[in-house]
Amino acid sequence: MILTGAQIVAEVLLEQGVDTVFGYPGGSALNIYDALYEYKDKITHYMTAHEQGAAHAADGYSRVTGKTGVVFSTSGPGATNLVTGIATAYMDSVPLVAITANVGTSLLGRDSFQEVFIAGITMPITKHNFVVRHVEELADTLRLSFAIAGEGRKGPVLVDIPKDITAAKTEFTHKPVEKPMEKKQDYKNLEKVAELINNAKRPVIYFGGGVRLSDAGDTLREMINLADIPAAYTIMAAGVLSYNERNNLGLIGMHGCRTANLAVDNADIVLAIGTRFSDRVALNTKYFAQKAKIVQIDIDPSEINKNVNIDISLIGDVNDVLTKLLPLLKSTKHDDWQTQINEWQKSDYHPTDSDTVLHPHQIIGKICDLAGEDAVYVTDVGQHQMWSAQYINHVRTRSFLTSGGLGTMGYGYGAAIGAKIACGDRPVIHITGDGSFHMNMNEACTAVSYDVPVITVIMNNAVLGMVRQWQSVFYGKRYSSSEPERKTNYVKVAEGFGAKGFHCETLAEFESALTIALEQKGPVWIECVIDREEVVLPMIPSGGTVSDTIID
Amino acid sequence: MQKHYFSVLVENHEGVLARVSSLFCQRGFNIDSLTASATNDPNISRITITASGDDQAFLQILKQTEKLVETKMIFSLDPSISLLRELLLVKVQADEKNRGELHDIAQIYKAKIIDLSIGSMVIELTGEPDKIDGFLQVLSPYTVLEMCRTGITALERGSSSHLLNK
């Protein structure tokens, strides 16, 4: 059939199984949006307040479902507004296809109105990007974009389509979705790794987002139980193991559990699975797991020896590698090692409760009690993010959405809206701080327009808590630009947007607000006033080791 | 910082060069020279990059470049089994007094004088980078008005050919 470029975009989306997209229209995107109007029975487009919100929504949608997220924008500022969202997805290996409209091909390169070279801008933050210059290439380019986004180490792909290409017509025929390309695998060390594990006295697993992305949680659990290996996770893998599981050591890294960090520090074997030794985990690459032989399992060969020197590696999809490794492992018990770990756990940091003031860990505890094990948690970035990672009773994979790599303040609201649209009846709780929330609270209008009942819990300490925490520890309490003294009345603002708002100063108030919120059909904001002296503990300063842990 | 020579076979698309060079920059690898040209396969271009960095950075840039969708193949060239060549064009101030000396120097290096005017001459020299450096050293007492070097382009010796089957 003969279709316009814009119709081809819609047809390829359908071919790829896409029924939900996010975005914002504009001049160059008019043809595409006209096609979206035509296809609105098959593809639901959610219009956000700002393109950044749309990009985060597509990202949140993808993180919850595992499907590739799709975001649209117009040229120029529409495209540049996607940049933070694309970079966020890139750093956390989230499959995303961003489709940007551009000015017509005859206007390209002339500094035309709303023209920007988005392919150049997004080169370092996409797996790949395309500028489509001929309508005949459009369908295959879009197909290839989905293939690239979803294969190997996943990530964002951008397709820039000039306006005249979206109007031009060409022959279109559907093609079946191709199976992902075979990626480089390297399993030759499989037996050596098994032998190392079988002979280990003090083994530790440290795993990250790769385990979640390859849905390897069950295989990992089997391995942990069989070979009796305690496991710590990075923030990207929270929820892969349940919080109350045996051998779950908890969060690792800068604000990780002290026992998790001690275990890695004292291990004789560290198995790094689907993770990349970022500076928030391997704070000091020289001393990280220095007594251990380090085994790394990852789908991306460029992660081997990038930050920390690896003794032995396996390249491939994590679930596939672990499945092949399992039969080679002996059933063992490491009683002495477990005893040592239990001993360390006795002196782990635990915050104290209060009945009179709101403490972050109590707010989070209450959320978990009321929202239940089905809930999806989405955070912004800062202290509240770390508290959420630490104190949520994580029980399900793909249920803790956070910008771990880029650390994007303002990520949460868009992502939570995308997640809620994806996951229907599951409660979605957006935990944020007053700093992060001020960045993109405008997305409240989106949640209201589409009746998306995201619950936003704002931990309001009236300061930029994490910045201020660093200033108090490392900058002699010189609080430069971290105490903005904002006078925002969250209840009124929420109401102004058409949402519901609550203000809480005690746990009892919070409990009743959240109970009401969970029954609403639309978005709710719950402001929780917390003390500005609340800090995230434990903490290992940048470049430090476990012996530098700050506990009070 | 050690010097490394990379040969990158890439799809012959617009923007590939920008993507590869941007990646080197992003990963902290300083490019000393870069040449790009067509190959016997019209779909493939060859980019030859001379860059410096430590061994860890070297392995990282190899793997990162390999990951690019348009990269067909990347390998590092071992100078001992490779032919590294560069072309130099140099414009030297020359009058009737020193024209003869410059002509002699050019002959020793098997360089060609490709332009002559009353006050200057342009010399062309092809060779290994060391030879070019040596030639420029010999020219240093003279007044060089302008010069440019192409940067290194290279192939491995022998009959091996890199199969393009990524």
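Within region A:372-387, the set of residues being in a helix (DSSP H, G or I) and touching a helix residue (DSSP H, G or I) at 6+ places or on another chain (Cβ under 6 Å) comprises A:GLN383, A:TRP387. Quick one: in region A:124-139, of everything that is under 25 Å from the mean Cα position of the chain (by Cα) and β-branched (Val, Ile, Thr), which residue is nearest to A:ASN319 (Cα to Cα)? Filtering region A:124-139 for residues that are under 25 Å from the mean Cα position of the chain (by Cα) and β-branched (Val, Ile, Thr), the one nearest to A:ASN319 (Cα to Cα) comes out as A:THR126. Of all the residues that make up region A:315-328, how many are more than 14 Å from chain B (Cβ to nearest Cβ) and not in a helix (DSSP H, G or I)? Here the count works out to 2.
Are any residues in region A:93-123 within 14 Å of chain B (Cβ to nearest Cβ), without any contact (Cβ under 8 Å) to a residue 12 or more places away in the chain and more than 30 Å from the chain's Cα centre (by Cα), and if so, which ones? Across region A:93-123, the qualifying residue is only A:GLY109. Scanning region A:65-77 for residues that are under 25 Å from A:GLY209 (Cβ atoms) and part of a loop (DSSP other than H, G, I, E, B) gives A:GLY66, A:LYS67, A:THR68. Has region A:357-371 got any residue that is surrounded by fewer than 16 Cβ atoms within 10 Å (Cβ to Cβ) and part of a loop (DSSP other than H, G, I, E, B)? Yes - at least one qualifying residue is present in region A:357-371. Looking across A:ALA517, A:ALA494, one residue alone is farther than 19 Å from A:MET439 by Cα and at pLDDT 95 or above. It is A:ALA517. Could you tell me how many of the residues in region A:150-191 are in contact with a Lys or Arg (Cβ under 7 Å, 6 or more places away or on another chain), buried (at least 22 other Cβ atoms within 10 Å of the Cβ) and of a type outside the set (A, V, I, L, M)? Number satisfying all stated conditions: 2.
Every test in (1) more than 18 Å from B:SER7 (Cα to Cα); (2) in contact with a Pro (Cβ under 6 Å, 6 or more places away or on another chain) is passed by B:LYS110 save one, and that test is (2). In region B:6-44, the qualifying residues are those that are assigned to a strand (DSSP E or B) and within 14 Å of another protein chain (Cβ to nearest Cβ), and the one that is nearest to B:LEU87 (Cα to Cα) is B:VAL10.
Just one of the listed residues (A:LEU142, A:LEU158, A:LEU190) is away from chain B (no Cβ under 14 Å), within 31 Å of the chain's Cα centre (by Cα), under 30 Å from A:SER112 (Cβ atoms) and not aromatic (Phe, Trp, Tyr), and it is A:LEU142.
Residues satisfying the criterion are absent from region A:341-350 (criterion: among the hydroxyl-bearing types (Ser, Thr, Tyr) and buried (at least 19 other Cβ atoms within 10 Å of the Cβ)).
All but one of (1) surrounded by fewer than 16 Cβ atoms within 10 Å (Cβ to Cβ); (2) under 26 Å from A:MET254 (Cα atoms) hold for A:SER436, so report the exception by its number. It fails just one condition, (1). A:ALA147 passes every criterion in (1) touching a strand residue (DSSP E or B) at 6+ places or on another chain (Cβ under 8 Å); (2) within 13 Å of chain B (Cβ to nearest Cβ); (3) surrounded by fewer than 24 Cβ atoms within 10 Å (Cβ to Cβ) apart from (1). Check off (1) over 30 Å from A:LEU144 (Cβ atoms); (2) under 16 Å from the mean Cα position of the chain (by Cα); (3) at pLDDT below 95 for B:LEU88 and give me the number that stays unchecked. With respect to (1) over 30 Å from A:LEU144 (Cβ atoms); (2) under 16 Å from the mean Cα position of the chain (by Cα); (3) at pLDDT below 95, B:LEU88 is out only on (3).
Kindly evaluate A:ILE165 against the criterion of being closer than 26 Å to A:VAL240 by Cβ, in contact (Cβ under 8 Å) with a residue 60 or more places away in the chain and of a type in the set (Val, Ile, Thr). Taking the combined requirement at face value, the residue does not satisfy it. Only one entry of A:VAL395, A:VAL357, A:VAL376 meets the criterion of being β-branched (Val, Ile, Thr) and closer than 28 Å to A:ILE125 by Cβ, and that entry is A:VAL376.
So that you can scan it fast, the table gives a plain yes or no per residue for (1) outside the structural domain of A:ALA119 (by TED's automatic domain parsing); (2) closer than 20 Å to A:GLY17 by Cα:
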{"site": "A:HIS134", "(1), (2)": "no, no"}
{"site": "A:LEU138", "(1), (2)": "no, yes"}
{"site": "A:ARG143", "(1), (2)": "no, yes"}
{"site": "A:ALA147", "(1), (2)": "no, yes"}
{"site": "A:GLY150", "(1), (2)": "no, yes"}
{"site": "A:ASP160", "(1), (2)": "no, no"}
{"site": "A:ILE165", "(1), (2)": "no, no"}
{"site": "A:PRO180", "(1), (2)": "yes, yes"}
{"site": "A:GLN185", "(1), (2)": "yes, no"}
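Of all positions in region A:301-314, at least one carries a residue that is more than 14 Å from chain B (Cβ to nearest Cβ) and among the acidic types (Asp, Glu).
Scanning region A:28-64 for residues that are without any contact (Cβ under 8 Å) to a residue 24 or more places away in the chain and outside any helix (DSSP H, G or I) gives A:LYS40, A:ASP41.
Among the strands (runs of 3 or more DSSP E) confined to region B:56-166, the ones with at least 3 residues that are more than 14 Å from chain A (Cβ to nearest Cβ), surrounded by 15 or more Cβ atoms within 10 Å (Cβ to Cβ) and in contact with a helix residue (DSSP H, G or I) (Cβ under 8 Å, 6 or more places away or on another chain) are located at B:82-93, B:120-127. Would you tally the residues in region A:215-238 being within 22 Å of the chain's Cα centre (by Cα) and either surrounded by 23 or more Cβ atoms within 10 Å (Cβ to Cβ) or outside the structural domain of A:ASP320 (by TED's automatic domain parsing) (or both)? Number satisfying all stated conditions: 10. In this structure, B:THR50 does not qualify as among the polar types (S, T, N, Q), within 14 Å of another protein chain (Cβ to nearest Cβ) and surrounded by 20 or more Cβ atoms within 10 Å (Cβ to Cβ).
So for region A:386-394 (the condition being of a type outside the set (Phe, Trp, Tyr), modelled with pLDDT of 95 or more, out of contact with any strand residue (DSSP E or B) (no Cβ under 8 Å at 6 or more places or on another chain) and surrounded by fewer than 24 Cβ atoms within 10 Å (Cβ to Cβ)), does at least one residue qualify? Checked against the condition, which is being of a type outside the set (Phe, Trp, Tyr), modelled with pLDDT of 95 or more, out of contact with any strand residue (DSSP E or B) (no Cβ under 8 Å at 6 or more places or on another chain) and surrounded by fewer than 24 Cβ atoms within 10 Å (Cβ to Cβ), region A:386-394 yields at least one hit.
One line per residue, one yes/no per condition, for (1) touching a strand residue (DSSP E or B) at 6+ places or on another chain (Cβ under 8 Å); (2) under 30 Å from B:LEU145 (Cβ atoms); (3) polar (S, T, N, Q); (4) free of Cβ contacts under 8 Å to residues at least 24 places away in the same chain:
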{"residue": "B:PRO42", "(1), (2), (3), (4)": "no, no, no, no"}
{"residue": "B:ILE49", "(1), (2), (3), (4)": "yes, yes, no, no"}
{"residue": "B:THR65", "(1), (2), (3), (4)": "yes, no, yes, no"}
{"residue": "B:ALA94", "(1), (2), (3), (4)": "yes, yes, no, no"}
{"residue": "B:ASN98", "(1), (2), (3), (4)": "no, yes, yes, no"}
{"residue": "B:LEU102", "(1), (2), (3), (4)": "yes, yes, no, no"}
{"residue": "B:ILE105", "(1), (2), (3), (4)": "no, yes, no, no"}
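Exactly one residue among A:SER331, A:SER302 is among the polar types (S, T, N, Q) and part of a loop (DSSP other than H, G, I, E, B), and that residue is A:SER331. Residues that are in contact with a Cys (Cβ under 7 Å, 6 or more places away or on another chain) and either more than 14 Å from chain B (Cβ to nearest Cβ) or surrounded by 18 or more Cβ atoms within 10 Å (Cβ to Cβ) (or both) do occur in region A:250-259.
The values are calculated or read from the model by the stated rules, or taken from the named source; none is laboratory data. All figures in this text were calculated on a predicted structure; none of them were measured in a lab. Please note: Cβ atoms are built from the backbone with ideal geometry, for glycine as well, and neighbour counts cover all protein chains shown.
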